[in-house]
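The values are calculated or read from the model by the stated rules, or taken from the named source; none is laboratory data. Bear in mind that the values here come from a model prediction, so they are computed numbers and not experimental data. No Cβ is skipped: glycine too gets one built from the backbone with ideal geometry, and neighbour counts run over all protein chains shown.
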């Protein structure tokens, strides 16, 4: 009966240990850096002396498997075995494998079956026209390997983007054979690393100084506002253009929900703006908001109050309405749950807002509660608008 609970090392275990050095990039990085091969010596767990005596047939089969797997069918070596002597109760002293040693690059590539991948990586480094790219391939070989089939286009896209830094051109203007905006998008993570910029779509183009899709603001107003034709009561305008226009509303109401935005009465000599979170993010560009009585109405949840905080960083006089404890508790039957709460420090909230925010975060009245804007009774809302049409 076998007394040891240890599992004997197999050839698959040896391969897996070496493959980890490939997958973490250690082996290809060293090879591409022209470092000398450092032998990989792996200990082998085998049978004890008692186990050899208990089941010699199993032991012989285990040794045969390790030996046969150490070379290919054509005789190419994958690893060499080093042996140790073990004494058995019934069969005297025996030599069993103690270590597997991979002693050369070719042995490692043969063991892992990656000769083709190594050839591809070597070619990528040798054929690259840029030192920056060669260095990156050496540092991120497996990532480079994933794009190897399209590497000429990746390098060409890199060259165009590098050449057009800070040009304010649109990415759509790229004129490289085999490369278009879809190609750049699908390889953006690699290109971002090569160019040293963030990989997120909006940050990628901004960091390169390329033109981004214009931001726009959608708003409603009374006839004749801003010199608009009498029949026009709504417009969607580019933020950069609107920022430069002479806009002098007495009141600006920012509303998060689209149907509420369309339903909201327009203040006299004022505007109703759609998109609380979006507009709050770009309120700093609309300097005229700071000269208007600005109101914000969003969901009563943690993210709604985070938007208020963000809005006040640009429009400090902004006030909320219908985002209070009275409204929240009056609509108890319409409460929902917020999938993921914001736990940010919101030091620009007023005391009553901060108190309600804290109630939501701490779950004082229930876990992750929220009251969405469109669930608030319209008659209740109308009676509490802080302005009159």
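The figures follow:
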| quantity | calculated |
| --- | --- |
| Residue 232, sole failed condition from (1) surrounded by 14 or more Cβ atoms within 10 Å (Cβ to Cβ); (2) over 34 Å from the mean Cα position of the chain (by Cα) | (1) |
| Residues of segment 31-57 classified as part of a helix (DSSP H, G or I), surrounded by 14 or more Cβ atoms within 10 Å (Cβ to Cβ) and more than 42 Å from the chain's Cα centre (by Cα), total | 7 |
| Identity of the residue in segment 287-302, surrounded by 18 or more Cβ atoms within 10 Å (Cβ to Cβ) and out of contact with any strand residue (DSSP E or B) (no Cβ under 7 Å at 6 or more places or on another chain), that ends up modelled with the highest pLDDT | 302 |
| Matching residues, segment 349-377, being buried (at least 16 other Cβ atoms within 10 Å of the Cβ) and outside any helix (DSSP H, G or I) | 349, 369, 370, 371, 372, 376 |
| Residue list for segment 330-348, filter: in contact (Cβ under 8 Å) with a residue 12 or more places away in the chain and in a helix (DSSP H, G or I) | 330, 334 |
| Selected residue (criterion: farthest from residue 372 (Cα to Cα)) from residues of segment 244-262 that are over 32 Å from the mean Cα position of the chain (by Cα) and surrounded by 16 or more Cβ atoms within 10 Å (Cβ to Cβ) | 247 |
| Sole exception among (1) outside the structural domain of residue 161 (by TED's automatic domain parsing); (2) more than 18 Å from residue 270 (Cα to Cα) for residue 250, by number | (2) |
| Among residues of segment 277-314, those that are in a helix (DSSP H, G or I) and either outside the structural domain of residue 358 (by TED's automatic domain parsing) or under 21 Å from residue 225 (Cβ atoms) (or both), counted | 8 |
| One residue from 142, 111, 124 being within 30 Å of residue 81 (Cβ to Cβ), out of contact with any strand residue (DSSP E or B) (no Cβ under 7 Å at 6 or more places or on another chain) and in a helix (DSSP H, G or I) | 142 |
| Filtered residues of segment 234-244 (kept if in contact with a strand residue (DSSP E or B) (Cβ under 8 Å, 6 or more places away or on another chain), over 10 Å from residue 271 (Cα atoms) and not in a helix (DSSP H, G or I)) | 235, 236, 237, 238 |
